[in-house]
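The values are calculated or read from the model by the stated rules, or taken from the named source; none is laboratory data. Note that this is a predicted model, so its numbers are computed, not measured. Neighbour counts are summed over all protein chains in view; Cβ atoms, including those assigned to glycine, are modelled from backbone coordinates with ideal geometry. With ligands, DNA and RNA removed, areas are computed over all heavy atoms of the protein, side chains included. Shrake-Rupley method; radii C 1.70, N 1.55, O 1.52, S 1.80 Å.
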Amino acid sequence: MNKALLLVGMMMLSFAFAKAQSSNTRQDSTVLRTIYNHNLTNSKSYDWLEHLSNEIGGRLSGSPQAQMAVEYTLAELSKVADTTYLQPVMVPRWTRGTPEIAYFKTTNGGKTKVNVCALGGSIATPAAGKSAGIIEVNGLEELENLGRKAIEGKYIFYNRPMEATKIQTFEAYGGCVDQRYSGAEAAAKYGAAGVIVRSMNLRMDDLPHTGAMSYGDLEKEKYIPAAAISTNDAELLHEALKNDKDLQFFLQQDCTNHGEVQSYNVIAEIKGNQFPNEVILVGGHLDSWDLGDGSHDDGAGVVQSMQVLETIKATGYSPKRTIRAVLFMNEENGLRGARAYADQTFTKNQKHILALESDAGGFSPRGFGFDTTDTQMSQIQSWKSLFAPYLIHYFELGGSGADVGPLKDTGAVLAGLRPDSQRYFDHHHASNDTFDAVNRRELELGAATMSSLVYLYDQYGLATKLKK
């Protein structure tokens, strides 16, 4: 009899739990629908992006435009947040100078102009430019085989392309970006005159793509100029070298490193009403490169993060936990803002539940990448059905974002919004990263998707942390 009663009791408890779960799911589904409806009809994100892109423009760290962006976003966030403030951070300042000039001359006298741009942080050539022979390689590892005798006094042409067969285009980028970042340091050790790097671009076009480079621990007197060449012209130079190994390459650029200047992270938050000391962070980086206006990289992530706060305020949702937007400075060439924020977090012993970054463009959202434990991932997977009506299906372990990366040891789940990336590298760090390349609806869907994940984490907190 006692066993029968126990069985009945367990069945009743199971039924009550299932009923409660069903009720929660219906409530969550209704909230997500409200979030998406608001973002697709009353979002401010596209208008904010238009101002950042068209009224301010490229926002390279330490530039007047970067400071204008700090002031603008701080003012706009003050309209939707409980608290806003600036976090000081010292950042490097580098300027491109006059447009670069490059061409190659064959031994029979033919001259062909090519499209190049200085890599961020590079030194200038001599004022009149420099002409030298050029050697093509497929990666840094080939330099040792060539040796100093072959390399000294010549340009190194790094021509390893992004791998087109990679469906995850960020994998393709990761497979060859070392030649851009470390190529000058490696070539300088063999006495090279400079480096020319194939642009990180899957598309064949005439646009050179800039990006950060480093001289590592080289002495300054050993620094050499570094420039990117468009994919079309990389192929052109490749074909020319097959026919004429002795052709001469000319490069002229007058970029300058100016040392460090004061800048800021922009921080805004809506205070939680139950657990105000638990923080859910959303963010993107406010700086961009200088060739375009940084609409995809990362104006989109900036305004989507701002929109999360606006959505909370406009829909009347009262969060349990503190929702904080951080617009990081200096992601592109130093991560100074991310490190400063992480240092502050550890110093103040702040508890972060989720740190969500948008830094993959303003294209249609597909889901999220998560840096977390298996237990926490199970919690996330349980929410997939709520996102299915919005065609959000990608919930995978691995990857978050550069600016939230330093928060890894806080115990927070680190996450990155994952939009469709197939067109991202057409624009990445190039002059066509402009406002007209961003689709309003895609941008708004991304902000709604971020807001939805924030809502769920605010409601349910963090699963028990276990070792992976």
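Under unit Cβ charges (Lys, Arg +1; Asp, Glu -1), what dipole magnitude, rounded to 20 debye, does the chain have relative to its Cα centre?
Values: 45 positive and 54 negative charges, 278 e Å.
Once rounded to the nearest 20, the dipole reads 1340 debye.
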Is the shape of the range 338-420 rounded, prolate or oblate, going by the alpha carbon gyration tensor and its root eigenvalues a ≥ b ≥ c, with a/c under 1.5 for rounded and a/b larger than b/c for prolate?
oblate
Which three semi-axes in whole Å describe the equivalent ellipsoid of the range 93-221, each the square root of 5 times a Cα gyration tensor eigenvalue, listed largest first?
22, 18, 17
Burial order of peptide ranges 178-187, 36-45 (average beta-carbon count within 10 Å, highest first)
178-187, 36-45
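Of all alpha-carbon pairs in the chain, indicate the percentage at a distance above 35 angstrom. Could the numbers behind the result be given before it?
Working: 40139 of 109278 pairs.
Considering the chain, 37 percent of its Cα-Cα pairs are separated by more than 35 Å.
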Report the antiparallel proportion of the DSSP beta bridges in the chain as a percent, rounded to a multiple of 5.
50 percent
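Could you order the peptides 419-425, 341-347 from most to least packed, using the average number of other C-beta atoms within 10 Å per residue? Numbers along the way, then the final one.
Working: 419-425: 18.4, 341-347: 15.7.
Output ranking for 419-425, 341-347: 419-425, 341-347.
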Please calculate the 1.4 Å probe accessible area of LEU236, with all protein chains present, and give it to the nearest 10 Å².
80 Å²
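For the range 27-78, build the convex hull from the C-alpha positions and give me its volume per residue in Å³. The partial results should precede the final answer.
Values: hull volume 5.2 nm³, N = 52.
Roughly 100 Å³ of hull volume per residue.
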In degrees from 0 to 90, rounded to the nearest 10, what is the angle of the helix 336-347 Cα long axis to the longest principal axis of the chain?
40 degrees
Could you give the angle, 0 to 90 degrees to the nearest 10, between helix 231-243's Cα long axis and the longest principal axis of the Cα atoms of the chain?
40 degrees
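What size of dipole, in debye to the nearest 20, comes out for the range 217-293 about its Cα centre when the only charges are +1 on Lys and Arg C-beta atoms and -1 on Asp and Glu C-beta atoms?
Values: 5 positive and 15 negative charges, 38 e Å.
Here the range 217-293 has a charge dipole of around 180 debye.
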Just to confirm the number: angle between the C-alpha axis of helix 64-77 and the first principal axis of the chain, 0 to 90 degrees, nearest 10?
10 degrees
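Highest mean first, what order results for 361-368, 284-291 on Cβ atoms within 10 Å? Don't skip to the end; give the middle numbers.
On the way: 361-368: 23.8, 284-291: 27.4.
Sorting 361-368, 284-291 by mean packing, highest first, produces 284-291, 361-368.
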Solution diffusion estimate, µm²/s, Stokes-Einstein, the range 227-298, Kirkwood Rh from C-alpha pairs, 4 °C, viscosity 1.567 mPa s
71 µm²/s
What residue among ALA388, ALA212, ASN24 has its Cα farthest toward the positive end of the dipole of the chain, where the charges are +1 on Lys, Arg and -1 on Asp, Glu, each on the Cβ?
ASN24
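Where both partners of a DSSP beta bridge lie in the range 313-468, what percent of those bridges are antiparallel, to the nearest 5? Intermediate results must be reported in sequence, preceding the final value.
Values: 6 of 14 bridges.
If we restrict to bridges inside the range 313-468, about 45 percent are antiparallel.
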Cα convex hull of the range 363-468 - mean projected area over all directions, nm²
7.4 nm²
Would you compute the Debye intensity of the range 172-326 from its alpha-carbon atoms alone, equal scatterers and no solvent, and pass along log10 I(q)/I(0) at q = 0.13 Å⁻¹ to two decimals?
-0.80
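Please give the charge dipole size of the range 57-210, origin at the Cα centre, charges +1 on K and R Cβ atoms and -1 on D and E Cβ atoms. Round to the nearest 20 debye.
On the way: 17 positive and 15 negative charges, 123 e Å.
With Lys and Arg at +1 and Asp and Glu at -1, about 600 debye.
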